[in-house]
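Notes follow once the structure below has been shown.
Read-outs: derived from the displayed coordinates by stated rules, not from any lab. Please read these numbers as outputs of a predicted model, since none were measured by experiment. Here the Cβ positions follow ideal geometry from the backbone for every residue, glycine too, while neighbour counts run over all protein chains shown.
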Amino acid sequence: MASDHSSHNQAKFVLANNDLEQQETMEGETKDFDYSKRSQWLRAAVLGANDGLVSTASLMMGVGAVKQDIKVMILTGFAGLVAGACSMAIGEFVSVYSQLDIEVAQMKRDSERENGRDRDEEEDEKEKESLPNPIHAAAASALAFSVGAIVPLLAASFIREYKVRIGVVLGAVSFALVVFGWLGAVLGKAPTLRSCVRVLVGGWLAMAVTFGLTKLIGSSGL
């Protein structure tokens, strides 16, 4: 009897350990999933900020190639910020809303398929909470773009001298490009140096092409 009681206790102890290990494994998988999802959102935000930085700086450089007036340069950058943020927000809203429609339709099909079974209300609530929010996505996209676009605007706002202004904008944008490249590499678990160089050279190329072509067209008298 004592041996039976002891073996029964051992079996209960093993089952408890197995349940605990399964719970820890599930918690670890949940944390990994949450971190992965969060890192994807952060990486998208960094890319959006990089878009705002490069496009606004390129616009300001392009106009600065033919107009040295600080007011014209700032207004051009501000217009680029507003237009770009609106474009990013609308594009993200339409894209996420389309994804939402697809997922809602799939949920309805699953519900009709399981009509004869008892559906778990908690599971339904979790599915609804996991659906993407188009408004949040649009706002985040516009905000990320604006954060990047504000860098060249702030850099050029208080400098009257044309050549100094161009140099300060170039320096500030280059520093921001390196930071965004580093953040993107860390979040994407990619080589840091290669990512920074790639983002920096890409930004320089965009500004140089815009500056050169605008200067060429402006000097031709068109």
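Here are the numbers for this structure:
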item	result
For segment 39-73 versus segment 162-222, the gap between their alpha-carbon centres in whole angstrom	9 Å
Förster radius 25 Å - calculated FRET efficiency between residue 97 and residue 204, Cβ distance, rounded to 0.05	0.10
HN-Hα J in Hz across segment 92-107 - Karplus 6.51, -1.76, 1.60, θ = phi - 60°, x for Gly and Pro	5, 4, 5, 5, 5, 5, 5, 5, 5, 4, 5, 5, 5, 4, 5, 5
Additional length obtainable on full extension of the chain from residue 217 to residue 157, 0.36 nm per residue less Cα span	19.0 nm
Calculated from backbone phi, Karplus (6.51, -1.76, 1.60) coupling profile of segment 144-158 in Hz, x at Gly/Pro	4, 4, 5, 4, x, 5, 6, 4, x, 5, 5, 5, 9, 5, 10
Backbone HN-Hα couplings from phi across segment 78-83 [Karplus 6.51/-1.76/1.60, Hz, Gly and Pro as x]	5, 4, x, 5, 5, 5
